[in-house]
There are 2 protein chains.
Amino acid sequence: MKVVIVGVGLIGGSIARDLKAGYSNISIKGVDINKEYLEQALELGLMDGLATDTDLAEADIVFVCIPVNAIVQDLPKILDKVGEETLVIDAGSTKLEICKTVDQHPKRRNFLACHPIAGTEYSGPEAAILELYKGKTNIICEVEKTAFRLQEKALDIFKNMGMRIRYMNPESHDKHIAYVSHLSHISSFMLGKTVIQKEKNERDIFDMAGSGFESTVRLAKSSPAMWTPIFQQNKSNIVEILEAYIQNLEDFKDLLVQDNYEAVFEEMANTNKIKEILIGIPQQSKEK
Amino acid sequence: MKVVIVGVGLIGGSIARDLKAGYSNISIKGVDINKEYLEQALELGLMDGLATDTDLAEADIVFVCIPVNAIVQDLPKILDKVGEETLVIDAGSTKLEICKTVDQHPKRRNFLACHPIAGTEYSGPEAAILELYKGKTNIICEVEKTAFRLQEKALDIFKNMGMRIRYMNPESHDKHIAYVSHLSHISSFMLGKTVIQKEKNERDIFDMAGSGFESTVRLAKSSPAMWTPIFQQNKSNIVEILEAYIQNLEDFKDLLVQDNYEAVFEEMANTNKIKEILIGIPQQSKEK
């Protein structure tokens, strides 16, 4: 199997690790605008060489694992270059703009729009881990627009990586993912910012912060280069959920100001049911 | 060593586990208003029996590990009952109101005001774990108001449990802990609330939420009975930091609305330095 991975960071690198482990007769070539990443990926054995346009034309599968603004820019060009039988899969955290971008492309049927819900707050090929995708959900959008034999090829690989599949339209994907992923990142970034602003003396943070703080600000380590275009492409859904979040925080603050502690208790008790919801979420150790 | 633990939940139960492991000649008796907790603590071997007033009078050490409103209510009565040589330690997440409550108590010198920065989002004796406190910071307030020989006794035990000590006045404690703990809990509860409100279909949360969501809403599993009185006692600090947090969220939202993605990027890049800060925080697995 001939594979090309465009973007050999955490996501692309982890796919490479799974493919190397799962397939014996495989060649993986890579592309990245970051030269350092390319060298690291080669050293780590995530790929066997640099991909050329010929590799794209001859590839069985091309994984596009770059920031979502770069996907919108490069995906049409990648489709231009691939062969008639090549399957092109993206891993972008937004789906609507990406799907729109290639909707009229002559090779649209070579493309499968995916979002594997997996990752860590780290970036780059050194952050890539084996079995990152095991037990995780892979959202596939507009499956009907992909050639059936290429769908089958993709499902085989996802099965091999241990992913469960869910089909969804791009609009629904972008709405729900704003709720359960994009909002968490903004909440975390702003929490980190607020505490850094207040705590002039970092020693106070070191000494007094427990694992609760660590857990809620962990995502503030995430890559701005990856997340800025996600927020841009999913702006309307994010602004909507962010407003709802701010309103809930305002309401909670008002209850405190009014000394209405019965209501404060109720707010928390009602939200405790998140326990049952979280049981359904596959665990992933976030440590490298 | 004769020990009485008032409140045999996660915090008191974990102290019991460490004491049982660290001292050979030890008797631990317990009190709890929750009968079920008492039975569980006995079954789990966290304590050897129920504590009576005589046990309080004869105890070498009494640990008070109950919600902070109950500490304010019960601590003076406990001090009334203990012996001249008994050391009384609390583990409350607020310190100012607790210190004020016993400031004029005739046995003030028997009391050491503490906040071990440790815990999980779980509650009750079944959540108690060995070495919960190892490597964690224990904030001691108004140490000068505790008899010197009792300070020494306490430091011995904390050393045995592997805690590092930091001295602070109650005002500073309550201010900083609002920033690095109490805010995280509110952010998490409101995040959970917002997503539950939006996601009528829980399957969407199960399937689409990744570990990032799990991490940011984990604290929303916390006990309302424990946290409501903390928010009440630390209201002014919490309202202040909550307002700063809401303002930062508003500003971030405005940047999105204005399509100012350069500034969005900068906001995140500036907050990425949280990485270095988090390295200093002792890790604690949150799983039972």
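The values are calculated or read from the model by the stated rules, or taken from the named source; none is laboratory data. Quick caveat, the model's predicted, so the values are computed rather than measured. No Cβ is skipped: glycine too gets one built from the backbone with ideal geometry, and neighbour counts run over all protein chains shown. Keep in mind that these areas ignore ligands, DNA and RNA; they rest on the heavy atoms of the full protein, side chains included. Shrake-Rupley method; radii C 1.70, N 1.55, O 1.52, S 1.80 Å.
Taking every DSSP beta bridge that has both ends in the protein assembly as shown, the antiparallel portion is near 15%. For chain A, the Cα gyration tensor yields ellipsoid semi-axes of 38, 22, 17 Å (square root of five times each eigenvalue, largest first, whole Å).
Dipole orientation for chain A: of the candidates A:Ala244, A:Val102, A:Ala209, A:Val102 has the Cα lying most toward the positive pole (charges on Cβ; Lys, Arg +1; Asp, Glu -1). Taking the Cα centre of chain A as origin and assigning +1 to Lys and Arg Cβ atoms and -1 to Asp and Glu Cβ atoms, the resulting dipole is close to 620 debye. Working from the Cα coordinates of the stretch A:2-168, the gyration tensor eigenvalues give, after taking √(5λ), semi-axes of 21, 18, 16 Å in decreasing order. Look at the stretch A:117-129: the mean tally of other chain Cβ atoms within 10 Å of its residues' Cβ atoms is 2. Taking amide H positions as modeled 1.01 Å from N, with prolines and chain starts lacking one, the residues under 5 Å from B:Tyr167 and 5 or more places away or on another chain are B:Ile140.
Here B:Lys145 yields copy-to-copy label distances, from shortest upward, of 6.7 nm, the label point defined as 7 Å from Cα along Cα to C-beta. Distant-in-sequence amide contacts of B:Ala113, defined by a placed amide H-H separation under 5 Å and a gap of 5 or more residues or a different chain, comprise B:Cys141.
Only helical runs count toward this figure. For chain A, summing -39,500 (n - 2.57) over DSSP H runs of n ≥ 4 and dividing by all residues gives -15500 deg cm²/dmol at 222 nm.
How much accessible area per residue does the stretch A:1-42 have, counting only protein heavy atoms and a probe of 1.4 Å, in square angstrom?
Values: 1850 Å² over 42 residues.
For the stretch A:1-42, the solvent-accessible area averages 44 Å² per residue.
Dipole of chain B computed with +1 at Lys/Arg Cβ and -1 at Asp/Glu Cβ about the Cα centre; of B:Val8, B:Met47, B:Ser181, farthest Cα towards the positive end is B:Met47. Backbone amide hydrogens, once placed in the peptide plane, bring A:Tyr122 within less than 5 Å of nothing, excluding anything fewer than 5 places away on its chain. Annotation: the antiparallel percentage among DSSP beta bridges lying fully within the stretch A:77-165 is about 50. Per atom type, the stretch B:173-277 shows carbon and sulfur on 46% of its accessible surface, probed at 1.4 Å.
With its label point defined 7 Å out from Cα along the Cα-to-Cβ axis, B:Asp251 lies at 2.7 nm from the matching points of the other copies, in increasing order. Across all directions, the average projected area of the convex hull around the alpha carbons of the stretch B:173-277 is 8.4 nm². Counting Cβ atoms of other protein chains within 10 Å of each residue's Cβ and taking the mean over peptide A:145-158 gives 0. Relative to the other identical copies, B:Leu44 shows label-point distances of 4.0 nm, where the label point lies 7 Å from Cα along the Cβ direction and values run shortest first. Can you give me the Kirkwood hydrodynamic radius for the protein assembly as shown, using every pair of distinct Cα atoms, in Å to one decimal? Evaluated on the protein assembly as shown, it is 25.6 Å. The mean count of C-beta atoms from other chains within 10 Å of the C-beta of residues in A:248-257, rounded to a whole number, is 6.
What pairs from A:Lys136/A:Lys193; B:Lys100/B:Lys235; B:Lys235/B:Lys275 go past 25 Å between their alpha carbons? Beyond 25 Å: A:Lys136/A:Lys193; B:Lys235/B:Lys275.
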